[in-house]
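Quick notes on the structure that follows.
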Amino acid sequence: MSGGPKDIEQPGNIQTEVQAGDEQQADDDVKGMTLKGATRENSKLRRELKAMHAEVEALRAIGDARAYATRGAIEWARSHPSDPLAAEALALAIDGWRWSACNDGPKSDLPRRAFALLHRQFPQSEWAMRTKYWYD
């Protein structure tokens, strides 16, 4: 091979540009992950892990993607009743219930509500004419 990075050209000798002492610091951080008390070496990692867990919990609180998208489309259509893009958003959200694999959990009335809003607010739109059914 020619013209590529050195670590790709010589796979037996993979080297990255690491400052002296960085490898030891990284090893210490990984070892420190199992410690219960925060140490200077792993306090940054602990902060990052705590932030990651908070983000995961926030995503869980939102719920599944199809419900999130459908709620957003309904809110958008209600706040922008003359926007033709709202009709498209509703139709695509409704269609998302047909193709998504999120079939666990209780049934939702969101696709029915989006369908009713689409046909009430945008009855002559291309999107209303294309969207003949709602899916639960």
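The values are calculated or read from the model by the stated rules, or taken from the named source; none is laboratory data. Model, not experiment: these values are computed from the prediction. Cβ coordinates were reconstructed from backbone atoms using ideal geometry, including for glycine residues, and neighbour counts include every protein chain displayed.
The rows are residues; the columns are (1) of a type in the set (Gly, Ala, Ser); (2) touching a strand residue (DSSP E or B) at 6+ places or on another chain (Cβ under 6 Å); (3) modelled with pLDDT under 95; (4) part of a loop (DSSP other than H, G, I, E, B).
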| position | (1), (2), (3), (4) |
| --- | --- |
| 85 | no, no, no, no |
| 96 | yes, no, yes, no |
| 103 | no, no, yes, yes |
| 117 | no, no, no, no |
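With respect to the conditions (1) surrounded by 11 or more Cβ atoms within 10 Å (Cβ to Cβ); (2) of a type in the set (Ser, Thr, Tyr); (3) modelled with pLDDT under 90, residue 70 lacks only one, and its number is (3).
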